[in-house]
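The values are calculated or read from the model by the stated rules, or taken from the named source; none is laboratory data. Bear in mind the structure is a predicted one, so any value in this text is a computation, not a measurement. Please note: Cβ atoms are built from the backbone with ideal geometry, for glycine as well, and neighbour counts cover all protein chains shown.
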Amino acid sequence: MRQLEHFPNLVTMFFTRAAEKGDAPFLWAKHEGTWASISWREAAETVSRLAAGLRRIGLNPGDMVMLVSENRPEWCIADLAIMAAGCITVPTYITNTERDHQHILDDSGARAVIVSTNKLARTLLPAALRAHACEHVVSIEPIPSGQASTLAIHRWDDVIGGESADVAGCAAGANFERTDLACLIYTSGTGGAPRGVMQSHGAVLHNVEGCTNVISEDFGWHDEVFLSFLPASHAYEHSGGQMFPIGLGGQIYYSEGLEKLASNIEEVRPTIMVVVPRLFEVLRQRILKTVEKQGKVSNYLMRRALSIGAKEYGGGVPLYDRPMDLFLSRTLRPKIAKKFGGRIKAMVSGGAPLNPEVGIFFHSLGLTLLQGYGQTEAGPVISCNRPSAGLKMDTVGPPLKNTEVRIAEDGEILVRGELVMQGYWRNQAETARALQDGWLHTGDVGHIDEKGRIVITDRKKDLIVNDKGDNVAPQKVEGMLTLRPEIVQAMVVGDKRPYVVGLIVPDPEWTAEWAKEHGKRNDPAALREDAAYVRALGNAVDRVNAELSVIEKVRRFILADEPFTVENEQLTPSIKVRRHVLKQAYGERLDALYKR
């Protein structure tokens with residue numbers, strides 16, 4: 001069993017792997033329809049030259065450098081070069097507004113920004129011009145002249161320069177310690193202004209070491225291939241989708257986006273994927289719809305696979321089901337596996353709670369789905385399900401290696417270890433609230449089961465407490481609603497109220513099929529006023545209510561005017577519902593549900 005070395009910092013880990021891997025491929029991206037790679041050696045040379053270039057334009061150790069880019073090889077190279085120069089990376093989302101950029105620039109005091117495209121620069125530059133500390137902008141792609149005056153605009157190629165790279169010197173100069181600050185990652189925030197989380201080199205390395213331990217002990221560590229899909233600026237992708245592959249000496253392919261993700265998976269054939277629950281819910285619906293159209297035999301096989309998988313998950317496959325189980329392993333399951341590339345060791349879900357039904361679905365089809373748990377303030381991975389601990393989909397597995405977890409008297413999950421943040425940047429009050437006696441107060445409520453696995457019941461602050469004092473976990477109810485083919489998104493409320501009510505976004509594909517079947521025009525605005533359409537959605541809610549306790553049942557609901565998206569600020573970039581934004585937009589209509 002191979003273990004990861006105890007590296008002093010992230011830069012040393014990268015240069016160590018680059019020296020070992022040499023001309024082997026490292027970073028992949030699509031160019032004009034063809035996958036092209038950058039080798040470890042080429043990446044190390046570019047990182048060294050870019051680090052030297054950042055110092056040459058005047059950046060000093062400890063300076064903050066903001067990074068605004070879509071997922072691409074240059075993101076990884078820029079991140080490593082910023083750190084190699086002794087600076088601190090401040091990753092930001094490409095969906096950020098000018099106001100968001102302004103807040104992060106002013107709060108972090110970033111002296112420079114690396115931006116990828118002219119499109120992203122249009123939102124960034126006005127904020128950078130007003131920022132009190134920003135002096136330099138480095139553009140990966142050309143920015144038309146005349147867009148900035150008080151900022152020094154540098155071309156990526158010019159900063160990198162043409163001279164030979166001093167890889168050995170750059171690697172030797174990485175004398176940072178694990179306690180040194182590596183990056184300042186702003187939480188996307190389901191409420192309020194984003195806060196800068198101070199992650200040390202050790203915090204991220206702790207995550208890499210812990211995740212490597214899971215892969216090594218439960219799956220074997222060999223020639224890993226990752227498909228990067230989540231925003232690289234998100235702590236989950238930064239640690240799990242970038243630094244973890246680097247630690248493993250793996251390859252990283254950058255996805256072309258959600259619309260091409262399915263084809264990218266088949267082409268790349270990843271061994272490990274780091275994703276969010278919403279993607280699995282979408283893939284589950286697509287698989288079911290595809291099978292539904294393939295006729296009675298395929299539908300029968302799917303039903304049997306799910307039935308046998310549920311039994312196997314619950315304790316074992318009965319003797320009478322084993323011939324069918326063997327048949328499915330030679331027919332249906334290989335077809336599904338091929339859609340995922342055919343060599344997936346594990347798909348790791350994180351960033352939000354995974355509905356157990358979704359996990360059991362993929363388990364039944366022969367795909368290993370692990371649910372992880374964490375938050376930006378903890379590197380961000382705290383725990384992960386693993387086969388050796390017994391896969392149980394309503395848990396998030398045991399804590400990572402060298403991670404302490406305990407449950408406070410009020411049920412809050414507390415975490416201690418090297419993974420815990422150094423605090424919130426320039427925010428002592430919030431730091432004091434979150435960090436007490438060395439323990440990170442996660443704000444999540446849960447318990448630890450008999451096998452040492454963490455079970456999360458809900459967010460402490462998101463719990464609905466009705467007018468009788470009963471607690472309702474909204475995420476559980478919302479997760480069950482969105483598993484229905486009729487519903488794509490949902491939010492429920494009911495704090496200090498007699499019952500729970502909901503806000504629902506109908507599934508567009510189901511809506512189109514319903515409209516065609518009933519001879520109606522597929523016009524969402526008109527359908528929201530159609531009694532039969534609303535009644536059909538009500539039937540879906542009733543089916544969910546049949547599985548809920550009395551206090552959890554959704555008694556009434558309204559339909560949303562539009563889907564929850566990052567663009568309308570109703571979702572965070574990590575695809576979490578922004579409850580305060582939705583309550584502001586729909587509050588009066590939701591309140592009216594209690595007056596009928």
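If you check V282 against the conditions, is it of a type in the set (A, V, I, L, M) and part of a helix (DSSP H, G or I)?
yes
Name the one entry in A81, A29, A52 that is in contact with a Leu (Cβ under 9 Å, 6 or more places away or on another chain) and either assigned to a helix (DSSP H, G or I) or modelled with pLDDT of 95 or more (or both).
A81
Here are some conditions: (1) under 20 Å from the mean Cα position of the chain (by Cα); (2) in a helix (DSSP H, G or I); (3) modelled with pLDDT under 90. P231 meets all but one. Which one does it not meet?
For P231, the exception is condition (2).
Between E163, E266, which is assigned by TED's automatic domain parsing to the domain that holds A112, out of contact with any helix residue (DSSP H, G or I) (no Cβ under 6 Å at 6 or more places or on another chain) and either in contact (Cβ under 8 Å) with a residue 40 or more places away in the chain or within 22 Å of D63 (Cα to Cα) (or both)?
E163
For the stretch 312-340, name all the residues that are surrounded by fewer than 11 Cβ atoms within 10 Å (Cβ to Cβ), farther than 21 Å from K392 by Cα and modelled with pLDDT under 90.
Once the filter is applied, which keeps residues that are surrounded by fewer than 11 Cβ atoms within 10 Å (Cβ to Cβ), farther than 21 Å from K392 by Cα and modelled with pLDDT under 90, the stretch 312-340 yields nothing.
Specify the residue that is surrounded by the fewest Cβ atoms within 10 Å (Cβ to Cβ); the eligible residues are those in the stretch 541-596 that are among the aromatic types (F, W, Y) and within 29 Å of N96 (Cβ to Cβ).
Across the stretch 541-596, the extreme among qualifying residues is Y586.
So in the stretch 428-441, with the set limited to residues that are without any contact (Cβ under 8 Å) to a residue 60 or more places away in the chain and in contact with a strand residue (DSSP E or B) (Cβ under 8 Å, 6 or more places away or on another chain), which one is surrounded by the most Cβ atoms within 10 Å (Cβ to Cβ)?
So the residue we want is A434.
Would you mention how many residues in the stretch 212-228 are part of a helix (DSSP H, G or I) and under 25 Å from C183 (Cβ atoms)?
Adding up the residues that qualify gives 4.
From the set of residues in the stretch 556-592 that are in contact with a Gly (Cβ under 9 Å, 6 or more places away or on another chain) and in a loop (DSSP other than H, G, I, E, B), which is modelled with the highest pLDDT?
Within the stretch 556-592, the match that is modelled with the highest pLDDT is R578.
Looking at (1) closer than 30 Å to V115 by Cβ; (2) touching a residue at least 60 places away in the same chain (Cβ under 8 Å), which one does F280 not meet, given that it meets all the others?
(1)
Look at D444 and say whether it is within 19 Å of the chain's Cα centre (by Cα), in a strand (DSSP E or B) and surrounded by 21 or more Cβ atoms within 10 Å (Cβ to Cβ).
Yes.
Looking at the stretch 80-105, I want the residues that are more than 15 Å from E237 (Cβ to Cβ) and have a partner that is assigned to a helix (DSSP H, G or I) and among the charged types (D, E, K, R) with Cβ atoms under 7 Å, at least 6 apart or on another chain. Which pairs are those?
Partner pairs satisfying both residue conditions: A85/R55; Q102/R130.
I'd like the full set of residues that are more than 18 Å from the chain's Cα centre (by Cα), surrounded by 15 or more Cβ atoms within 10 Å (Cβ to Cβ) and at pLDDT 90 or above, limited to the stretch 268-297.
Passing the criteria: V268, R269.
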